[in-house]
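The values are calculated or read from the model by the stated rules, or taken from the named source; none is laboratory data. The shown structure was predicted, so the numbers you read here are calculated from the model rather than taken from an experiment. Here Cβ is always computed from backbone atoms with ideal geometry, including for glycine, and neighbour counts include all displayed protein chains.
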Amino acid sequence: MPLAEPVYDFAVIDEVQDLTRAQLALILACLKHPDAFLLCGDTHQIVHPNFFSWAAVRALFWEGRDASPDTTQPVALLRANFRNTQAVTQLGNRLLKIKHARFGSVDRESSFLIECATREIGTVQLLDATSATLREIDARTRTSARHAVIVLRDEDKPAAKAQFHTPLVFSVHEAKGLEYPHVVLFDLVSSQRAAFAEIAEGISERGLNQDDLSFRRARDKADKSLELYKFSSTPCTSRSRAPARA
């Protein structure tokens, strides 16, 4: 970073998991003091395949420095979710268990399930995507600012817009950081059924009964065939209720 100058007193970075190593290194190089920063992020919310891990972040901090206890930065692990309902949190944890069973741990800091801190129960429903069901969902969402439709990728949006007349149709990448009381997940699995079947291959119900995620590596470190799915197919959870056409 030969052109970077130390001009900032302090840096606060949210969603750090969406930054590349080069971007983070540039920000740190612009600090007047190397320890004047606060980073916040969640590896469970990666939507860009940048292969982020907290271990890689720590390694970046320690480059060229004495990595003794006196110079290491404190890490606070926040497990509580104050945004989602209990039902949505349970679904998110279920998906995390599947991801963990298939890929192992990203790092030690990410080996945990989310604790719901709200009393609102909420609902998550799997609906058969019949013509009547789709028409009913369209009628409820087309003039509402409280309902959003989410698809997996940008190229899936035309199919959703053909069924629903709401302007609030987003891909997973676009929906990052947005919040709606009610969310319809449309063709989220069906649009990539072969990929999700490959991810779930060999995972049993029994293997998903644990109450927490233990830190462990993937079963086969040499197998990199599904590595991209580990990041780009991260499940999207939100604050409400009804997936249509799983």
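Brief remarks follow.
- Residue in region 127-161 that is farthest from E174 (Cα to Cα), counting only those that are of a type in the set (V, I, T) and in a helix (DSSP H, G or I): T133
- Flag if L95 is within 17 Å of D211 (Cα to Cα), assigned to a helix (DSSP H, G or I) and within 15 Å of the chain's Cα centre (by Cα): yes
- Test for V149: is it over 25 Å from R102 (Cα atoms), buried (at least 19 other Cβ atoms within 10 Å of the Cβ) and within 19 Å of the chain's Cα centre (by Cα): yes
- Among the residues making up region 179-201, a single one is within 17 Å of S144 (Cα to Cα) and either in the same structural domain as I46 (by TED's automatic domain parsing) or loosely packed, with under 13 Cβ neighbours inside 10 Å (or both): E179.
- F164 vs. criteria in contact with a Leu (Cβ under 9 Å, 6 or more places away or on another chain), surrounded by 16 or more Cβ atoms within 10 Å (Cβ to Cβ), at pLDDT 95 or above and in the same structural domain as T85 (by TED's automatic domain parsing): yes
- Test: residue in region 47-65 that is of a type in the set (K, R), at pLDDT 85 or above and not in a helix (DSSP H, G or I): no
- Top-ranked residue of region 37-55 - restricted to ones that are of a type in the set (G, A, S) and surrounded by 14 or more Cβ atoms within 10 Å (Cβ to Cβ), ranked as nearest to I13 (Cα to Cα): G41
- Yes/no for V75 being at pLDDT below 80, buried (at least 17 other Cβ atoms within 10 Å of the Cβ) and under 30 Å from N209 (Cβ atoms): no
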